[in-house]
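These notes are about the structure you will find just below.
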Amino acid sequence: MGKNILYIAPVVDFGNVGFVGIRKKVLGQCEAFVRLGYCPTLVLYEKGNVIIRYHDGKVQSIPYPKIVWFIGNYTPILRKYLLNQGGRYDLVYVRKAISETPFTLSATKLLRKHSDSLIVEIPTYPYDDETRGIFKRYSLTKKLKVFPFYVFGMFLSDKIYRYRLKKHIDCFAVITDLPECEEAFGAPAVKMSNGIDVENIQMRKRIPDGALSLLAVASISYWHGYDRVMQGMHEYYYSGGTQEIIFNIVGEGAVSAELKKLAEDLGLSDRVVFHGIKIGEELDELFHGADIGIGTFGGHRLNRDTDSDLKICEYCARALPYITSMKDNDIPDSFPWKLLMPNDESPIDIHEVLKFAEVCYNNRDRLSEMRDFAKENLSWDVHLKVTLDFLDAIGEKDDK
């Protein structure tokens, strides 16, 4: 019997298809915890119900008001269903709320009393610039709609209560592009990268069709920079390029409509295909037909040049060579299946992409090296073990 861990993913409604990527991440982390010797109980929210997935396979669905969940008031659920009758956990792992509130702090205090150790993961750190960048991109109507939350949530409540967490947690696990991060909001921090559940990701089987197929999978935001890819395609064809190129975009997001209009304006409507959100076999089929994965090309729009990107991890697990403008602390620039492009507003050089694709597929027998690399370096098993080892080190230090 492994150690009991309670994993809580507050605020997010996992019934929203736009959060399919985060859902995959959370479930992948729970699978990794199992392989690391833990028995996880997962708490999340889906379409009006709190869902508790117990480690013994039992699933409980509890009707719960969305607004109450979104302000972080999940203490009643903890008291009634998880911490009653002296319930106690070896480890509590909490995915940090978008904005800390008095309710999230109260829940953290309660969890501290019922656990031997408590880790809070910060999915993006630091995140203030990213939040401001997202707000600036909103239309005036959307800005007015979210303004109260933006001001009182992100820039008042969060700035106060995120510093109070340090009294009740052992450490933060921060996903960051900072070279080093030993502390966050006054508490010890361990730097962690985004990972994947490699065992549950199908390796790609290329289905040739004569065209160069580019594939992007993301919840589409302006910092993904897919407009740069389209501008590059436009310049390539305008200058006389003849290679058939299809840019497949999977996902939905804030700039989907803008990108569709841009494709039309650039005369690329027949070469840029918007598939919407795809999962399971439909997503597998798109990967089977892809030649090059598309990473992020707008990091400079957030003043960033390094990223820990889940989709890049998945490209590696599926053995799909990729292009990006973002460096990655877990994947060296010399990685042969990665083409690093300029991190600026310039159109993507399609001629360079074609040369890269040719080199990759002249060495197609070695593409499986990408999956081997993912297993050894990019899996949640690897990243969570680093976090757990850090937690053990803190405990040993405190005992001395």
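The values are calculated or read from the model by the stated rules, or taken from the named source; none is laboratory data. On a predicted model such as this, the values are computed, not experimentally measured, just so you know. Neighbour counts run over all protein chains shown; Cβ positions are idealised from the backbone, glycine included.
Please find, within region 295-316, the residue that is surrounded by the fewest Cβ atoms within 10 Å (Cβ to Cβ) out of those that are hydroxyl-bearing (Ser, Thr, Tyr) and over 10 Å from residue 223 (Cβ atoms). So the residue we want is 306.
Of the listed requirements (1) among the polar types (S, T, N, Q); (2) more than 26 Å from residue 188 (Cβ to Cβ); (3) modelled with pLDDT of 95 or more, residue 117 misses just one: (2).
Does residue 103 satisfy being surrounded by fewer than 14 Cβ atoms within 10 Å (Cβ to Cβ), among the hydrophobic types (A, V, I, L, M, F, W, C) and at pLDDT below 95? It is false that residue 103 is surrounded by fewer than 14 Cβ atoms within 10 Å (Cβ to Cβ), among the hydrophobic types (A, V, I, L, M, F, W, C) and at pLDDT below 95.
All conditions but one from (1) exposed (fewer than 14 other Cβ atoms within 10 Å of the Cβ); (2) over 30 Å from residue 385 (Cβ atoms) apply to residue 279; the one that does not is (2). Quick check on this structure: which one of 52, 67, 98 is among the β-branched types (Val, Ile, Thr) and part of a helix (DSSP H, G or I)? Going through 52, 67, 98 in turn, just one is among the β-branched types (Val, Ile, Thr) and part of a helix (DSSP H, G or I): 67. Listed by position, the strands (runs of 3 or more DSSP E) enclosed by region 279-359 that each have at least 2 residues that are free of Cβ contacts under 8 Å to residues at least 60 places away in the same chain are 322-324, 338-340.
For region 203-248, a residue qualifies if it is in contact (Cβ under 8 Å) with a residue 40 or more places away in the chain and in a strand (DSSP E or B), and the qualifying residues are 212, 213, 214, 215, 216, 217, 245, 247, 248. Every condition in (1) closer than 18 Å to residue 247 by Cα; (2) in a helix (DSSP H, G or I) holds for residue 392 except the one numbered (1). Scanning region 173-196 for residues that are of a type outside the set (A, V, I, L, M, F, W, C) and assigned to a loop (DSSP other than H, G, I, E, B) yields 177, 179, 180, 182, 186, 193, 194, 195. Out of 47, 25, which single residue is of a type in the set (Lys, Arg), in the same structural domain as residue 106 (by TED's automatic domain parsing), within 23 Å of residue 99 (Cα to Cα) and in contact (Cβ under 8 Å) with a residue 40 or more places away in the chain? None of the other options fit; the residue is 25. For residue 79, are the conditions met, namely being of a type outside the set (A, V, I, L, M) and farther than 25 Å from residue 194 by Cβ? The answer is yes for residue 79. Can you tell me which condition residue 368 does not meet? The list is (1) more than 25 Å from residue 243 (Cβ to Cβ); (2) touching a helix residue (DSSP H, G or I) at 6+ places or on another chain (Cβ under 9 Å); (3) not assigned by TED's automatic domain parsing to the domain that holds residue 121, and all the others hold. Among (1) more than 25 Å from residue 243 (Cβ to Cβ); (2) touching a helix residue (DSSP H, G or I) at 6+ places or on another chain (Cβ under 9 Å); (3) not assigned by TED's automatic domain parsing to the domain that holds residue 121, the lone unmet condition for residue 368 is (2). Just one residue in the set 286, 262 is surrounded by 13 or more Cβ atoms within 10 Å (Cβ to Cβ) and over 26 Å from residue 206 (Cα atoms); that residue is 262.
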